[in-house]
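Everything on this sheet refers to the single structure shown next.
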């Protein structure tokens, strides 16, 4: 990638002003959006049916940091992109959940409130975008009958600490999905 070159004027104030142009280089990095192509991780859901719930308030002063994708119970949950199943997890809040690691090991995709995992899914499995990995449910704190996929993305510096990271709003990434 070529660095962006900017001209900066440095002015020295003495008795009179003198300005001389100098050049400096600023490295530009590609945005996260340009580095990943995702599919909506619930079979049959179209971009126009998504709602941005990323900044919604949750109990105990938390922010959602995810989106909820509503679908009937048992609807297949798909791998949003290629990667590896890092962790199959059970918790009070997320219920039955999956942590998926991206192929470059910099991004975690979290799928929660699942009814069940796909048959033969185990930690360490490689998955391809579109593979069925689970089924939509209402486990954890979703509430009985509130069937949806809780889907979040986070950038991680250490994949061994998959539960930590910087949250990234999946909504704009999934809304721009062309099916």
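Residues are listed down the side, and each one gets a yes or a no for (1) within 17 Å of residue 139 (Cα to Cα); (2) within 13 Å of the chain's Cα centre (by Cα); (3) at pLDDT 85 or above:
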position: 54; (1), (2), (3): no, yes, no
position: 60; (1), (2), (3): no, no, no
position: 64; (1), (2), (3): yes, yes, no
position: 72; (1), (2), (3): yes, no, yes
position: 85; (1), (2), (3): no, no, yes
position: 91; (1), (2), (3): yes, no, yes
position: 102; (1), (2), (3): no, yes, yes
Note on region 160-174: residues buried (at least 16 other Cβ atoms within 10 Å of the Cβ) and over 13 Å from residue 110 (Cα atoms) are 171, 173, 174
Residue pairs meeting the criteria (Cβ under 9 Å; at least 6 apart or on separate chains; first over 14 Å from residue 69 (Cα atoms), in region 160-179; second modelled with pLDDT under 85 and in a helix (DSSP H, G or I)) = 168/32; 176/33
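The values are calculated or read from the model by the stated rules, or taken from the named source; none is laboratory data. All values reported here derive from a predicted model rather than from experimental measurement. Glycine also receives a Cβ, built like all others from the backbone with ideal geometry; neighbour counts cover every protein chain displayed.
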